[in-house]
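The values are calculated or read from the model by the stated rules, or taken from the named source; none is laboratory data. Note that the coordinates shown come from a computational prediction; the quantities given were computed from them, not determined experimentally. With ligands, DNA and RNA removed, areas are computed over all heavy atoms of the protein, side chains included. Shrake-Rupley method; radii C 1.70, N 1.55, O 1.52, S 1.80 Å.
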Amino acid sequence: ERSRGLGDVYKRQIYTNRRNKFKTDIAYARRRLATKAAKKALNKAKEGLNKPEQFYSLVYNAITGFISDKLNINTAGLTNIQIIELLKNTKKESDTLDDLLNFLNLCDAGKFSPAKPSQEQMREFYFKAEKILEMLERDLK
């Protein structure tokens, strides 16, 4: 009976410590919540499949937001090449970085292109975004 009470005390203490860390350590909180936020942003992009300019912006923001949160940096105002340079400092494979740079450039092209992509092209791009996010999750642990 008494050990159960101590277990509850330990659980409560662990919960309190974690909650306090979230409140006081912004970098920790951003890293821990990055995946959830990126997936939520990608889902929002998926809802915008009928609006190409918004779709590509939302996908771009989901991926760069994830990188921003994982590295605890502000990616606003950074070029795609600067984002890749920051990731190079984390010792990531160049193939991964080349894929990411290509993807970010395609997002930019999609945002500003006068040609409207088909629903199927946008759906394929969405699935590519999910794969890029999975790759980044694995590489930025």
Cα coordinate range in segment 82-141, projected on the principal axes (Å, largest first): 37, 21, 15
The chain - Rg and Dmax from Cα coordinates, angstrom: 18.9, 70
Accessible surface, the chain, averaged per residue in Å² (probe 1.4 Å): 66 Å²
Sulfur and carbon atoms: percent of accessible area, the chain [1.4 Å]: 51 percent
Ile84 - accessible surface, heavy atoms, 1.4 Å probe, Å² rounded to 10: 10 Å²
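Listed here are the pairs Lys40/Lys111; Lys36/Lys111; Lys11/Lys70; Lys88/Lys141; Lys39/Lys128; which of them are more than 18 Å apart at the Cα? Write down the numbers at each step before the final one.
On the way: Lys40/Lys111 20 Å; Lys36/Lys111 24 Å; Lys11/Lys70 27 Å; Lys88/Lys141 15 Å; Lys39/Lys128 13 Å.
From Lys40/Lys111; Lys36/Lys111; Lys11/Lys70; Lys88/Lys141; Lys39/Lys128, over 18 Å: Lys40/Lys111; Lys36/Lys111; Lys11/Lys70.
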Table column - 3J(HN,Hα) (Hz), segment 105-116, Karplus curve with 6.51, -1.76, 1.60, x for Gly and Pro: 5, 5, 4, 4, 4, x, 5, 10, 6, x, 6, 8
Cα-based helix-to-principal-axis angle, 52-71 vs the chain, degrees rounded to 10: 40 degrees
